[in-house]
Each structure stands twice: as C-alpha cells, then as structure tokens.
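**Q** Take this structure first; my questions come after.
The values are calculated or read from the model by the stated rules, or taken from the named source; none is laboratory data. Here the structure is a predicted model, which means the values were calculated and not measured. Backbone-built Cβ (ideal geometry, glycine too); neighbour counts: all protein chains shown.
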Amino acid sequence: MPAAIGSSDRPFVPVRFAVLTVSDTRSLAEDRSGAMLAERIAAAGHVLADRAIVTDDRDRIRQTVERWIADPAIDAIITTGGTGFTGRDVTPEAVEPLFDKRMDGFSAVFHAISYAKIGTSTIQSRATAGLAGTTFIFVLPGSPGACRDAWDGILSKQFDYRQAPCNFVEIMPRLDEHLKRGKLRGNS
C-alpha cells in the first residue's frame, strides 16, 4: 500500500458522519457493524453526528438518507446492510437515485480489498458510493468484516486531511461548485 506523501505537515480535520444500519433483524444494541463503524469514526477523531437503524424498506432508507443529506451538520453517510441479491436487499436502489455523482472507484477498490480476504464471494455485494449535493455516501454490506475493510482500507485514509497526494477532506469546500455555477448563470 502506498505511503502517505507529505502527510505530517497538515493538521487533522474532523468530519461529521452519520451511520445507518439497514436490517430487519437487528436492533441498535445488536448492531455490530454500525457499532464498529461508530467506534472507528470516533477513534479516528471524527464526529458521529447521528446513527440509526431502519428495516429493509426502500422508502424508509431513502427518507433517512435524504434527511441526513439536507442536514448541514453531516458531511458523510455510511450505510451498512442490504447490498446483497435477496428480495429484501434494496439499499442500493434506495440510495443510488440520490447521487449527483457516482464514485465508481470506491466499489472497485472495495472489491479488490474484499477479494484478497474472501475471494470471489465479493461479487455478492453491491457496495456503492457517490456524492449527493455536498454529502458523501457509502453503501456497505452488513457484515462487520466488510465494514472494517471499507473503513480501514479506504475511508479512514480518504477522510484524513493529512493523506497525500489527495483526500476527500481537501475537496469538501469545493463540492458545491456545480450548484453555485448554475446559480451564477441564472439556472435554478
């Protein structure tokens, strides 16, 4: 794995996360994946702005994510669960229509990390990510191992301002340029 280049001369900048667990069977008390993500977010020095659990219901998932997108106190959303192929797995269908921009590289890197650990079983996940307005959204599988792999292998680095050559934190102030540009041209 490439080392961070010049990472020590930048200060740490905390990011505000919301974590949504999608499950028909778990409560917050039994939610190992959401708890693990919350612990890693805090341990990294970030802020857990909100955490919730909803059933595998497309409308409930979308409503929660939309509420968080509209909340200026939330910079990034991580969902866990509902990325498989069963009839109840609807998280990508609920969340992807909210994306203004897709982050195809996230899925590719996630599957590369996952393949090294679980082999071809990684194809059973429809992990995805994108940007909605100025909010990053990551849709992860429900297993603690998959959430750990995504956080440790991708998200912890991309949400660390000290990470070089580039990271999400340094571009956050510019995420709404397309919205501002449209308003300057008279578009609504």
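**Q** Is there a residue being in contact with a Pro (Cβ under 8 Å, 6 or more places away or on another chain), more than 16 Å from G130 (Cβ to Cβ) and surrounded by 13 or more Cβ atoms within 10 Å (Cβ to Cβ) anywhere in the stretch 42-65?
**A** Among the residues of the stretch 42-65, at least one is in contact with a Pro (Cβ under 8 Å, 6 or more places away or on another chain), more than 16 Å from G130 (Cβ to Cβ) and surrounded by 13 or more Cβ atoms within 10 Å (Cβ to Cβ), which makes the answer yes.
**Q** Let me ask something additional. Can you tell me which residues in the stretch 50-91 are farther than 13 Å from L37 by Cβ and assigned to a strand (DSSP E or B)?
**A** Once the filter is applied, which keeps residues that are farther than 13 Å from L37 by Cβ and assigned to a strand (DSSP E or B), the stretch 50-91 yields only V54.
**Q** Further question on the same structure: Report whether or not A108 is closer than 30 Å to E170 by Cβ and under 15 Å from the mean Cα position of the chain (by Cα).
**A** Against the criterion (closer than 30 Å to E170 by Cβ and under 15 Å from the mean Cα position of the chain (by Cα)), A108 qualifies.
**Q** Kindly list the number of the only condition in (1) among the aromatic types (F, W, Y); (2) farther than 23 Å from D31 by Cα; (3) without any contact (Cβ under 8 Å) to a residue 60 or more places away in the chain that fails for F110.
**A** Only one criterion in (1) among the aromatic types (F, W, Y); (2) farther than 23 Å from D31 by Cα; (3) without any contact (Cβ under 8 Å) to a residue 60 or more places away in the chain is unmet by F110, namely (2).
**Q** Now for a separate question. Out of all the residues in the stretch 158-165, is one or more surrounded by 22 or more Cβ atoms within 10 Å (Cβ to Cβ) and touching a helix residue (DSSP H, G or I) at 6+ places or on another chain (Cβ under 6 Å)?
**A** Yes, the stretch 158-165 contains a residue that is surrounded by 22 or more Cβ atoms within 10 Å (Cβ to Cβ) and touching a helix residue (DSSP H, G or I) at 6+ places or on another chain (Cβ under 6 Å).
**Q** In the stretch 148-156, is there at least one residue being β-branched (V, I, T) and exposed (fewer than 13 other Cβ atoms within 10 Å of the Cβ)?
**A** no
**Q** Let me ask you something else. So which residues in the stretch 124-155 are more than 24 Å from R67 (Cα to Cα) and either out of contact with any Lys or Arg (no Cβ under 6 Å at 6 or more places or on another chain) or of a type in the set (D, E, K, R) (or both)?
**A** Correct list: Q124, S125, S143, G145, A146, R148, D149, D152, G153, I154.
**Q** Of the conditions (1) in contact with a strand residue (DSSP E or B) (Cβ under 9 Å, 6 or more places away or on another chain); (2) farther than 18 Å from S143 by Cβ, G45 fails just one. Which one is it?
**A** With (1) in contact with a strand residue (DSSP E or B) (Cβ under 9 Å, 6 or more places away or on another chain); (2) farther than 18 Å from S143 by Cβ applied to G45, the lone miss is (1).
**Q** With the condition kept exactly as written, say whether any residue in the stretch 94-106 is closer than 18 Å to G34 by Cβ and at pLDDT 95 or above.
**A** Yes - at least one qualifying residue is present in the stretch 94-106.
**Q** Any chance you could count how many residues in the stretch 123-144 are in contact (Cβ under 8 Å) with a residue 60 or more places away in the chain, buried (at least 20 other Cβ atoms within 10 Å of the Cβ) and either assigned to a loop (DSSP other than H, G, I, E, B) or hydroxyl-bearing (S, T, Y) (or both)?
**A** Residues flagged as in contact (Cβ under 8 Å) with a residue 60 or more places away in the chain, buried (at least 20 other Cβ atoms within 10 Å of the Cβ) and either assigned to a loop (DSSP other than H, G, I, E, B) or hydroxyl-bearing (S, T, Y) (or both) within the stretch 123-144 amount to 3.
**Q** Can you tell me which residue in the stretch 166-188 is surrounded by the most Cβ atoms within 10 Å (Cβ to Cβ), limited to those that are part of a helix (DSSP H, G or I) and modelled with pLDDT under 85?
**A** Per the stated criteria, the residue is L179.
**Q** If we scan the stretch 28-45, do we find a residue that is farther than 16 Å from W151 by Cβ, in contact (Cβ under 8 Å) with a residue 12 or more places away in the chain and not in a strand (DSSP E or B)?
**A** Within the stretch 28-45 (the criterion being farther than 16 Å from W151 by Cβ, in contact (Cβ under 8 Å) with a residue 12 or more places away in the chain and not in a strand (DSSP E or B)), the answer is yes, since at least one residue qualifies.
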